[in-house]
Amino acid sequence: MIGSIPRFPFSLDPLMAEAKRRARQRRALVALGVVLLAGLAVGLTLALRNPGSGSDGLGVTKGMTAQTVRATAGRPLRVVRSNPRNPDCWVYGTHLAVCFKYGRVDYVGP
């Protein structure tokens, strides 16, 4: 018969509970870090993108038809009709033009 088996002088339950709490805390910190990095990436992408490649605030992009441009951006301040080699351009404001080629937007920019 086995005599007395020495017991631990402490219980393992509080240690396991603390380990689980710390693991949850680590997971929460990692998740927060991932969300912050994703937000930083989106912010930098929007801040540093090339202004000539987007819509310049009108919501007009390359390839849109004239009807869609009018519905999206409204009526232009003036229309520039040029010679047959150059496309027609619609001017919005003082530094923004939308130029068409073959009935579709070919250029959006200053």
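The values are calculated or read from the model by the stated rules, or taken from the named source; none is laboratory data. Here the structure is a predicted model, which means the values were calculated and not measured. So basically every Cβ, Gly included, is an ideal-geometry build from the backbone, and we count neighbours across all protein chains shown.
Within the span defined as the range 77-92, every residue fails to be exposed (fewer than 10 other Cβ atoms within 10 Å of the Cβ), under 30 Å from the mean Cα position of the chain (by Cα) and modelled with pLDDT of 75 or more. Can you say whether Asp56 is touching a strand residue (DSSP E or B) at 6+ places or on another chain (Cβ under 6 Å) and either closer than 30 Å to Leu77 by Cα or modelled with pLDDT of 80 or more (or both), as far as the supplied structure shows? Yes: the conditions hold for Asp56.
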